[in-house]
Number of protein chains: 2
Amino acid sequence: MNIGIVGLGLIGGSLGWDLRSLGHKIFGVSRTEQTCQTAIDMGVVDDAGVNLNLLAQAEVVFICTPIAAIAPTVEQLIPHLSPTTILTDVGSVKQSVVEAVAPLWYNFVPGHPMAGKAESKLEAAQQNLFAGAPYAITPIETTPPEAVKTVEEIARALGARVYHCRPEVHDRAISWISHLPVMVSASALAACMSEPDAAVLKLAQQLASSGFRDTSRVGGGNPELGVMMAKYNRSELLRALHQYQLSLNQLIAQIEREDWDALEQLLQHTQQARRKFLSPS
Amino acid sequence: MNIGIVGLGLIGGSLGWDLRSLGHKIFGVSRTEQTCQTAIDMGVVDDAGVNLNLLAQAEVVFICTPIAAIAPTVEQLIPHLSPTTILTDVGSVKQSVVEAVAPLWYNFVPGHPMAGKAESKLEAAQQNLFAGAPYAITPIETTPPEAVKTVEEIARALGARVYHCRPEVHDRAISWISHLPVMVSASALAACMSEPDAAVLKLAQQLASSGFRDTSRVGGGNPELGVMMAKYNRSELLRALHQYQLSLNQLIAQIEREDWDALEQLLQHTQQARRKFLSPS
């Protein structure tokens, strides 16, 4: 199959690598000549260029730009496509993307592969990034079933676990397990840095070990990505954050009134809860 | 050197293993015969038993019990010790331990090796657990410098990075980098579980990937340990939690008023801050 990729970063580059290994012919488009050349040198694409007309022969095109650029990219891409081309995206928010893109292109399949790393550039691309990872596909009533099937087959060929859901259900679930953790983790880092005693802060930095490293990872990640989550999934994220404030207040109240039985029950509940997230049925 | 260890769990067992490899003779005491036998079979001690009089010949004794048992253990141990024996502990809170134990035994060196795992039992013990890990030693005015030097030399021989500080400075620093993250992470898990829509919750569990796994790890850990942190470091933890509420409220307000510039600045700040914790000067 001829597959196009617009946006050659971590996700676009990793997709290209795997899809090429699977025998597809990969055409990449990036804003800069330099990135196109790197993609060719790395072997993640068969050909790459800055002009979208490179994708005229593509049967499927993955839009792997930042969320804000998805709809504008589709608009620019349309004049170059054949009517049967399937478009799909990899944005971490789906409702706002579907609202903007579905009216532009009938054959659009909204998608979200849940694979990420701290680094977001092409140089961080790796093979088998999607193997074993969740891959959400969020069609709406007007999405052609044949197009959904094609994207799903590609996702499965990458080794991903495919889940189908409504865009709004996706965005609510993602607010819990991806966007809320970023804000919770960032707030913890910000609170640590507010310590007024320099000796305490320095010691905290020296003593920080694996627990702190894990908890702070997503809050110390790419700032632009964090802003995009908040901007494009704002109402769901705020809903999760307000519920989180209630949970936090409850825990603080237990410590304030020294209700150790209640605190232990809460921590037993969260210990059991975590297992359900890491080995879902 | 003859070294005693009271409490043969993850920390006590791992300490025994490394110290034995370094040529010391290790005597272990546990509440149960079964654990003593396991410790002997694993090779983490030279001898082990349930009676504290086994430690009569020890020059240094590590108290590796849960925090609540440290002072009662010292009280029971004292009749069996020679006056020159150095006692040290591994509790994650220091101020309350020092207040309880220093009046009981002159030669007491408060300590806290920062090495942990999800599992806390003897079976989880491993060699080189302390290599490269921080090890806080928190002497007070009356702590004999010779005793501090002996414990520090042992910690360095384990490969740990040793830091000296006041007990209250330790407890404040630890509230930021260890105890606050547990409560923040547990609250996030509790909030997720409050989602009323079963389909959303199930999808959240299916889509949870590495970011969620890392952020939820310490909040899904040992409930008894979480309660001990809150109970024995209550005032410092509450101070950190209240400051955290302010940081969280600020971030939520930025999202509410769609102040994306302020949010990006905040996330840039936390991204830079994290590096200071993971590669301290």
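Counts of other chain beta carbons within 10 angstrom of each beta carbon in peptide B:216-229 average 6. In this label model, A:A199 and A:E141 are separated by 6.8 nm, measuring between points 7 Å along each Cα→Cβ vector.
Each other copy places its own label point for A:Q57 at 8.3 nm from this one, sorted shortest first, where the point lies 7 Å along the Cα-to-beta carbon line. For chain B, averaging the sequence separation of C-alpha pairs within contact (under 8 Å, six or more residues apart) and dividing by the residue count gives a relative contact order of 14 percent.
Counting Cβ atoms of other protein chains within 10 Å of each Cβ in A:245-256 and taking the mean gives 6.
Would you calculate, for the protein assembly as shown, the mean residue ellipticity at 222 nm contributed by helices, counting each DSSP H stretch of 4 or more residues as -39,500 (n - 2.57) and dividing by all residues, to the nearest 500? Rounded to the nearest 500, it is -16000 deg cm²/dmol. Inter-label distance, B:Q76 to B:N128: 3.6 nm, where each label sits 7 Å from its Cα along the C-beta direction. Per residue, the average separation of C-alpha pairs within less than 8 Å and at least 6 apart gives the stretch B:8-117 a relative contact order of 22 percent. Shown is the FRET efficiency for B:K25 and B:E119, computed with R0 = 35 Å from the Cβ-Cβ distance and rounded to the nearest 0.05: 0.85.
Compared with the dominant principal axis of the Cα atoms in chain A, helix A:198-207 is inclined by about 60°.
When you filter the GluC sites (Glu not before Pro) in the stretch A:250-281 for DSSP loop state and at most 16 other Cβ atoms inside 10 Å of their Cβ, you are left with A:E258. Helix B:180-193 axis versus longest C-alpha principal axis of chain B: approximately 50°, rounded to the nearest ten. Partner aspartates and glutamates whose Cα lies under 15 Å from the Cα of B:K94, excluding those fewer than 8 positions away in the same chain, are identified as B:E141, B:E168, B:D171, B:E236. Would you work out if the stretch B:32-71 is rounded, prolate or oblate? Take a ≥ b ≥ c from the square roots of the eigenvalues of the alpha-carbon gyration tensor; rounded if a/c is under 1.5, else prolate when a/b is larger than b/c, oblate otherwise. It is oblate, given that a/c is not under 1.5 and a/b is not larger than b/c. Using the average count of surrounding beta-carbon atoms within 10 Å as a protection proxy, the listed peptides A:83-94, B:85-96, A:46-57, B:28-39 rank, highest first, as B:85-96, A:83-94, B:28-39, A:46-57. Applying 1/(1 + (r/R0)^6) with R0 = 45 Å to the Cβ-Cβ distance of B:E168 and A:R156 gives a FRET efficiency near 0.20.
I'd like the orientation of helix B:145-157 relative to chain B: the angle between its Cα long axis and the longest Cα principal axis, in ° from 0 to 90, rounded to 10. Result, in degrees: 70.
Over the C-alpha trace of the protein assembly as shown, radius of gyration and Dmax come out as 27.3, 89 angstrom. Summary for A:R239: label point 7 Å along Cα→Cβ; distances to the equivalent points in the other copies, ascending, 3.9 nm. Among residues of chain A, the one whose beta-carbon sits closest to the A-to-B rotation axis is listed with its distance in Å as A:D214, 2. Ignoring lysines fewer than eight residues from A:K276 along the same chain, the ones with Cα atoms less than 22 angstrom from its Cα are B:K117, B:K202.
Annotation: the residues B:V6, A:V169, sorted from fewest to most other C-beta atoms within 10 Å of their own C-beta, follow the order A:V169, B:V6.
Which aspartates and glutamates, on any chain, are close to A:K149 with Cα under 14 Å apart, when same-chain ones fewer than 8 places away are left out? Within the straight-line cut-off, A:K149 pairs with A:E59. Sorted shortest first, the separations between the A:R257 label point and its copies elsewhere in the assembly read 3.4 nm; each point sits 7 Å from Cα along the Cα-to-Cβ line.
Sparsely packed loop sites in the stretch A:125-201 (the GluC sites (Glu not before Pro) outside DSSP H, G, I, E and B with at most 13 other Cβ atoms within 10 Å) comprise A:E141. Just B:P66, B:P145, B:P134 to compare: in a GNM of chain B, with alpha carbon springs under 10 Å, which one fluctuates most? Among B:P66, B:P145, B:P134, the largest GNM mean-square fluctuation belongs to B:P145.
Throughout, read-outs are computed from the coordinates displayed, never taken from laboratory work. Here the structure is a predicted model, which means the values were calculated and not measured. Here the Cβ is made from the backbone with ideal geometry for all residues, glycine too, and neighbour counts use every protein chain on show.
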